[in-house]
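K.L.:
Sharing a structure, written as structure tokens. Questions coming.
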Amino acid sequence: MTKRFLQQTTAVAALCLLALPAMAHPGHGDNAGFLAGLAHPLTGINHLLAMLGVGIWGGQQRRGLAQPATFLGMMLFGALAGMAGLTLPGLETGIAATVALVGLAIALALAMPNWLGMLLVGAFALAHGNAHGQELPAASAAFGFMLASAMLLLAGRCIGQVMAERLLRLAGVALAAAGVVLMGVA
């Protein structure tokens, strides 16, 4: 191992440790409108990492926009279910697991048939959307978190397409480690 690689790994690990105090679902009180929805995926570390990760993985595979579109569609479906009062069992642990799994997929540069990738990210999105819908049950908030999620997916996709493969794999390892830590605190 080179000194530079160890420094990069240490920096990524330190960033993961900074994420520990963050709450996945900060309280929004009575202010559950568009801005609260827009902020929600950006302030919940597990949502932020998962959506960036899904985007990175999609960009890494150099496929079309089917996976991000599936993610957004299934997230909306999950949100509507959450708004209707339906709760997925083990939701917080499942959301944290999505971070670990997408990190693993990036680290391994996992290539799978597009339909299987869409199925996987659809399941991830269902959980994330369900949590969003429960936390922010207003339509205006849904517009906000859908927009923020689309921006995160796009940002991740751009990262996945331009970042060097070695750095992508290192980012995947960091995401997987963060997901395991988040599962421990969920």
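K.L.:
If you place +1 on the Cβ of every Lys and Arg, -1 on the Cβ of every Asp and Glu, and leave all else neutral, what size is the dipole of the range 34-185 about its Cα centre, to the nearest 20 Debye?
P.N.:
That gives the range 34-185 a dipole magnitude of about 400 debye.
K.L.:
Fewest first, what order do E165, E92, E135 take by the number of other Cβ atoms within 10 Å?
P.N.:
E165, E92, E135
K.L.:
I've got another one for you. In what order do F124, F34, F143 fall by count of nearby beta-carbon atoms within 10 Å, going from fewest to most? Could the numbers behind the result be given before it?
P.N.:
On the way: F124 26, F34 17, F143 14.
Ascending number of Cβ neighbours within 10 Å: F143, F34, F124.
K.L.:
Whole angstrom only: what separates the Cα centroid of the range 100-144 from the Cα centroid of the range 166-186?
P.N.:
The range 100-144 and the range 166-186 have Cα centres spaced 16 Å from each other.
K.L.:
Just to check I understand the Karplus step: with θ = phi - 60° and J = 6.51 cos²θ - 1.76 cosθ + 1.60, what whole-Hz values come out for the range 46-60, glycine and proline as x?
P.N.:
Values per residue, Gly and Pro as x: 5, 5, 4, 5, 5, 5, 4, x, 4, x, 4, 4, x, x, 4 Hz.
K.L.:
Oh, and also: Taking neighbour Cβ counts within 10 Å as the exposure measure, how do H128, H40 sort from fewest upward?
P.N.:
H40, H128
K.L.:
Now for a separate question. Each residue of the range 115-131 in turn: what ³J(HN,Hα) in whole Hz from Karplus with 6.51, -1.76, 1.60 and θ = phi - 60°, glycine and Pro shown as x?
P.N.:
5, 6, x, 5, 4, 5, 5, x, 5, 4, 5, 4, 5, 4, x, 4, 5
K.L.:
Using only the Cα atoms of the range 34-185, what semi-axes does the equivalent ellipsoid have when each is the square root of 5 times a gyration tensor eigenvalue? Give whole Å, largest first. Mind showing how you got there, number by number?
P.N.:
Values: eigenvalues 113, 49, 38 Å².
Output for the range 34-185: semi-axes of 24, 16, 14 Å.
K.L.:
Could you give the radius of gyration (one decimal) and Dmax (whole number) of the Cα atoms in the range 45-112, in Å?
P.N.:
Spelled out, the Cα radius of gyration and Dmax of the range 45-112 are 12.9, 37 Å.
K.L.:
Moving on. How many nm separate the modelled label positions at E165 and A186, each set 7 Å beyond the Cα in the direction of the Cβ?
P.N.:
3.1 nm
K.L.:
Report the equivalent ellipsoid semi-axes for the range 103-154 in whole Å, largest first, defined as the square roots of five times the eigenvalues of the gyration tensor built from alpha carbon atoms.
P.N.:
26, 12, 10
Here, each number is a calculation from the coordinates, and none is a lab measurement. Since we're looking at a predicted model, the values are computed, not measured. Cβ: placed from backbone, ideal geometry, glycine included. Neighbour counts: every protein chain shown.
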